[in-house]
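Right, one structure below, let's go through it.
The values are calculated or read from the model by the stated rules, or taken from the named source; none is laboratory data. This is a predicted model, so every value here is computed, not measured. So basically every Cβ, Gly included, is an ideal-geometry build from the backbone, and we count neighbours across all protein chains shown.
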Amino acid sequence: MVAPSKLFGYPMSHVHCGNIIHSLPNQSCTQALLWNIYRNHVSSAKYYLPTLVLMPLLLNCRRLTKRRLWSTARNYLETTFFASIMNALSFYLICVFRRLNGRFVYLCTPGLSNYLAALINWWAPPKVLQFFSTGITHAAMEAVLREMNAGLVRSRPAQTVLFMLSSLVVLRQQQKHLYSGFWFIKPSSMTLDYSKWPLLRRLKQASLELATYFGMGFTIDLFSVLMSLKLKKLRLKSTSFIVTYIGLYKIVQVLFAGVLEMKHLNLLAAFVSGASYGLFSHVPFSYMCFAVVIAIQALYKELCKVDVSHNKRLAALLSMPWAKLLIPPTSAYLANCMFYKQHLLSGLAKSFMDDTCDKNVNRIYTLIQLPLETIFNKTKGGPQPKFFF
């Protein structure tokens, strides 16, 4: 926090935004906005390609239709567009507030600027809203817990219990067909006569499902290595976690089929399998935060199906656009952490924010740490940067 604090002290606070915020030398603020819109589309397209295109198509390769292909492409393009515009507007508004105040102000750099830019998500489609709200909210939850130095951050057993409870909630909602969004596993439904199957048949069915999830986990790990271009560092981290997760689930089903009712058997399997979180030290704290957010979303979807015609307060509560309301403040908080408290953020949160805006945040963060003379001489000998036009 020491180096970035220079930005708000004289004479650094009065340095032209072109020397710090703009991506290229001698750009006006408007030119920098247009450049950032272009570059952010390029960087966001690269960042979201594996998550929103390659993985969905690979996992659904046997069920591909024109409608599914178009839905995937449309979601990818819309997510890239809204992320790019939001990031570009954030930097532009920093320039605007720099101009209005005559100096860099902590409230506007980048907190308020990012908050106002994130309001564009009020016009985003539902899928884009859910994607952003899930990703941003769980990253903000993790950062807040780290900033508070909460005991949960240091207690692996407590994290595991929370993950197990979240696993119970989400998988229960999956089985009731009340939640169809992303989760780490999606066990196949058991037939009504599953308890009458011989043990060998149950084991065979479990083995086939394990093989499927091994392929999914290996694909995720392989994509991660290919994107980082470090083939020698292939580690089956996602594979081990996912296979263990589904493995514990199937073991409970195989062993207790016939002992418990189908409903109770699935609940027990969903809870016990969540213990896979605590079996691997490489599973990050982010997974638990993500699981809690998904569990809350799943419960909220069930709550939305409740008849509220005789309960005005609950009706008003459910009518609130929570995703649209949550994205601006959580995004502003994460942007503020990215500028001044990067140690609070997970690696995933840092890459999500920096890689989608052409690595401008780390460029500014690094530049602020340079000696004042270097920044003041950045445009010395050439035309001075312009404001706006």
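Each row is one residue, and each column tells you yes or no for (1) in the same structural domain as residue 329 (by TED's automatic domain parsing); (2) over 27 Å from residue 328 (Cβ atoms).
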{"position": "119", "(1), (2)": "yes, no"}
{"position": "135", "(1), (2)": "yes, no"}
{"position": "138", "(1), (2)": "yes, no"}
{"position": "144", "(1), (2)": "yes, no"}
{"position": "170", "(1), (2)": "no, no"}
{"position": "177", "(1), (2)": "no, yes"}
{"position": "188", "(1), (2)": "no, yes"}
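Quick test of your reading of the structure: residue 295 fulfils all but one of (1) touching a residue at least 40 places away in the same chain (Cβ under 8 Å); (2) more than 24 Å from the chain's Cα centre (by Cα). Name the failing condition by number.
Here residue 295 meets the rest and fails (2).
Name the residues in the stretch 166-180 that are farther than 20 Å from residue 306 by Cβ and under 20 Å from the mean Cα position of the chain (by Cα), would you?
In the first step, residues of the stretch 166-180 are kept if they are farther than 20 Å from residue 306 by Cβ; the result is 166-168, 171.
Once the filter is applied, which keeps residues that are farther than 20 Å from residue 306 by Cβ and under 20 Å from the mean Cα position of the chain (by Cα), the stretch 166-180 yields 166, 167.
Can you report the number of residues in the stretch 315-332 which are within 24 Å of residue 109 (Cβ to Cβ), of a type outside the set (A, V, I, L, M) and surrounded by fewer than 21 Cβ atoms within 10 Å (Cβ to Cβ)?
Within the stretch 315-332, residues that are within 24 Å of residue 109 (Cβ to Cβ), of a type outside the set (A, V, I, L, M) and surrounded by fewer than 21 Cβ atoms within 10 Å (Cβ to Cβ) number 2.
Determine which member of the set 331, 309 is among the small types (Gly, Ala, Ser) and not in a helix (DSSP H, G or I).
Just a single option satisfies the conditions, and that option is 309.
Which one of 52, 89 is closer than 30 Å to residue 213 by Cβ, among the hydrophobic types (A, V, I, L, M, F, W, C) and touching a helix residue (DSSP H, G or I) at 6+ places or on another chain (Cβ under 6 Å)?
Checking each option against the conditions leaves just 52.
Can you find a residue in the stretch 156-168 that is in the same structural domain as residue 346 (by TED's automatic domain parsing) and crowded, with 22+ Cβ neighbours inside 10 Å?
No, because not a single residue in the stretch 156-168 is in the same structural domain as residue 346 (by TED's automatic domain parsing) and crowded, with 22+ Cβ neighbours inside 10 Å.
Only helices (runs of 4 or more DSSP H) wholly contained in the stretch 147-243 count here; list those with 3 or more residues that are within 28 Å of residue 299 (Cβ to Cβ) and in contact (Cβ under 8 Å) with a residue 40 or more places away in the chain.
Numbers: elements: 151-154, 156-175, 199-228.
Filter on the stretch 147-243 gives 156-175, 199-228.
Identify, by number, the condition in (1) among the hydrophobic types (A, V, I, L, M, F, W, C); (2) within 30 Å of residue 78 (Cβ to Cβ); (3) crowded, with 20+ Cβ neighbours inside 10 Å that residue 123 doesn't meet.
Among (1) among the hydrophobic types (A, V, I, L, M, F, W, C); (2) within 30 Å of residue 78 (Cβ to Cβ); (3) crowded, with 20+ Cβ neighbours inside 10 Å, the lone unmet condition for residue 123 is (3).
Restricting attention to helices (runs of 4 or more DSSP H) lying wholly within the stretch 1-108, give those where 1 or more residues are of a type in the set (S, T, N, Q) and surrounded by fewer than 19 Cβ atoms within 10 Å (Cβ to Cβ).
Details: elements: 29-49, 55-59, 66-101.
Those helices (runs of 4 or more DSSP H) span 29-49, 66-101.
Quick check on the stretch 253-288: of everything there that is touching a Phe, Trp or Tyr at 6+ places or on another chain (Cβ under 7 Å) and among the aromatic types (Phe, Trp, Tyr), which residue is surrounded by the fewest Cβ atoms within 10 Å (Cβ to Cβ)?
280
Restricting to the stretch 250-287, count the residues that are aliphatic (A, V, I, L, M), assigned to a helix (DSSP H, G or I) and closer than 20 Å to residue 203 by Cα.
Of all residues in the stretch 250-287, those aliphatic (A, V, I, L, M) come to 251-252, 254-255, 257, 259-260, 262, 265, 267-270, 272, 275, 279, 283.
Narrowing the set further to residues that are assigned to a helix (DSSP H, G or I) leaves 251-252, 254-255, 262, 265, 267-270, 272, 275, 279.
After this cut, where a residue has to be closer than 20 Å to residue 203 by Cα as well, the list is 251-252, 254-255, 262, 265, 267-270, 272.
Total satisfying the criteria: 11.
Hey, any hits in the stretch 199-211 for a residue that's among the charged types (D, E, K, R) and touching a strand residue (DSSP E or B) at 6+ places or on another chain (Cβ under 8 Å)?
Checked the stretch 199-211: at least one residue is among the charged types (D, E, K, R) and touching a strand residue (DSSP E or B) at 6+ places or on another chain (Cβ under 8 Å).
Within the set of pairs 6+ apart or on separate chains, which have a first residue in the stretch 92-112 that is among the charged types (D, E, K, R), a second that is part of a helix (DSSP H, G or I) and buried (at least 18 other Cβ atoms within 10 Å of the Cβ), and C-beta atoms under 6 Å apart?
98/17
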